[in-house]
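Structure record follows, encoded as structure tokens.
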Amino acid sequence: MPVPRLEIDLDKIQHNAHTLVERLSKRGISVTGVTKATLGSPEIAHAMLQAGVCDLGDSRIKNIEVMRSSHVPARMSLIRSPMLSQATRVVTSTDVSFNTELEVVRSLSIEAQKLDRMHAVVLMVELGDLREGIMPADLMTTVRETLRLPNIVLKGIGTNLACRSGVSPEDSNMRELSRLARLIEVTFDISLETISGGNSANLQWAFSSASTGRINNLRLGESILLGCETLQRQVIDGLHTDAIKLVAEVIESKLKPTQPWGNLAQTAFGTGPAPTDHGTITQTILAVGIQDIDPCGLLPPKGTSILGSSSDHLIVTSTFDGVAVGAEMTFQLNYSALLRAMTSPFVTKSFKSTGNISSLSQTA
Ligand SMILES: *Cc1c(COP(=O)(O)O)cnc(C)c1O
């Protein structure tokens, strides 16, 4: 099998998604499966849909277009505010987009009229994380304007926390979102279908809160793919954390000193920490690098630790002997490493599901 490769266990992903869908449905919350870390992989999208997610969400129109052209049978939401320059594509390929700028919604309205179709919007509200969102004080005006726009349906409101500033989703900010939803419904005499409370960082709140209020949707990516929540990166009970693994090949294995020699200046990526002398060790080089993964986001196998990296090399040492040239080594990944591996054309994506193995190399 080609290396480096991501080994993606679709059964485990489906299990993770299904477990979350079941647990959240007891709290009246549906799950939007977020595909953005998978480069719009139709295989992973299918696994999420099999598990019962209500729709799919992605931050990039390109990924949604890929899934559309692979005939992934789902409603799809663009969960990042659309670029004005992509309004036509957004109306063409998505059912819903998440919005924070009236100018953009107006443009979506114009494109939707041209294409003679309806486009649904979720208005995102800023609740403290300082990434995307309409300031609560401006929300009612934005809703009033949105409701006037031809071919636009206001599907609901949402918020996103714990991304830019790490603000935790909890009863106070979730209650605020519920309150705003009720206020919109009463003021404009409409009912909102979706109140989307957040992402994988909302899970602890969703499982433990006495009341989830009006929140009836979460958008989940990392927890489905990696099995953990994202506030403290705690493993979620019953979920697989090894659904996706990275396999790389050893291209050099030698005994080397831990101390470089010569005058030390900048490395390829600026200056690193000064090396400490641990005598001579087994130094192993794998053919994978910063172009393909985030070295800080790799969990090496037992007995192995990561010493350094450059664009094309990952340097490790192992307590066991004889890591032979040509041998393969397997790593677990965090979200950052996963994102980069998924988007690297040099990393083969190898999918496995009960009895089926298929490889998809984007280098071909
Ligand atoms: C990425 C993203 C998500 C999913 O976040 P995870 O932490 O992967 O669950 C949800 N909503 C928005 C707006 C996002 O950008």
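Laboratory data are not the source of any read-out in this text; all were calculated from the coordinates shown. Computed from a predicted model, the values in this text were never measured in an experiment. For neighbour counting, all protein chains shown are included, and Cβ atoms are generated from backbone atoms with ideal geometry for every residue, glycine included.
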Within a Cβ distance under 14 Å of K352, other residues only, what is the Lys/Arg minus Asp/Glu net charge?
-> -1
The extension gain from V153 to D321, computed as 0.36 nm times the residue separation minus the Cα-Cα distance, is 54.1 nm
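To check you understand DSSP bridge types, tell me what percent of the beta bridges within the chain (both residues inside) are antiparallel, rounded to 5.
Taking every DSSP beta bridge within the chain, about 50 percent pair in antiparallel fashion.
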Gain in span if fully extended, S211 to S25, counting 0.36 nm per residue against the direct Cα distance = 65.6 nm
Any of K62/K155; K62/K114; K36/K349; K12/K349; K12/K245; K245/K349 with alpha carbons more than 18 Å apart? Name them for me.
-> K62/K155; K62/K114
Check: C-alpha center the stretch 1-41 vs C-alpha center the stretch 177-193, spacing in Å is 31
Among N173, N199, N63, the residue with the largest mean-square fluctuation in a Gaussian network model of the chain built from Cα contacts under 10 Å is N173
Please work out how much length the chain gains when fully extended from I251 to E101, using 0.36 nm per residue of separation minus the C-alpha to C-alpha distance, in nm with one decimal.
-> 48.9 nm
For K256, counting only lysines whose alpha-carbon sits under 25 Å away and dropping same-chain residues fewer than eight positions off, the answer is K302
Cβ charges +1 (Lys, Arg) and -1 (Asp, Glu), total dipole of the stretch 5-226, debye = 120
Longest exposed-loop-site-free stretch of the chain, with chymotrypsin sites (Phe, Trp or Tyr not before Pro), DSSP loop and at most 13 other Cβ within 10 Å?
-> 1-260
Residue-count net charge about E111 - beta-carbon cut-off 12 Å; Lys, Arg +1, Asp, Glu -1 | +3
With point charges of +1 on the Cβ of Lys and Arg and -1 on the Cβ of Asp and Glu, referenced to the Cα centre of the chain, which listed residue (V72, V347, P4) lies farthest in the positive direction of the dipole?
-> V72
Total formal charge among the other residues, if their Cβ is under 9 angstrom from that of T88, Lys/Arg +1 and Asp/Glu -1 | +1
Once you charge only the Cβ atoms, +1 for Lys and Arg and -1 for Asp and Glu, what is the size of the charge dipole of the stretch 245-362 about its Cα centre, to the nearest 20 debye?
-> 260
Would you mind computing, in nm to one decimal, how far apart the modelled labels at S168 and I306 are, each placed 7 Å from Cα along Cα→Cβ?
-> 2.8
With only alpha-carbon atoms counted, please give the Rg and Dmax of the chain, in Å.
-> 23.1, 75
Choice from G133, G221, G166 showing the highest fluctuation, given a GNM over the chain with Cα pairs closer than 10 Å | G166
Packing-based exposure ordering (other Cβ within 10 Å, fewest first) of T258, T146 = T258, T146
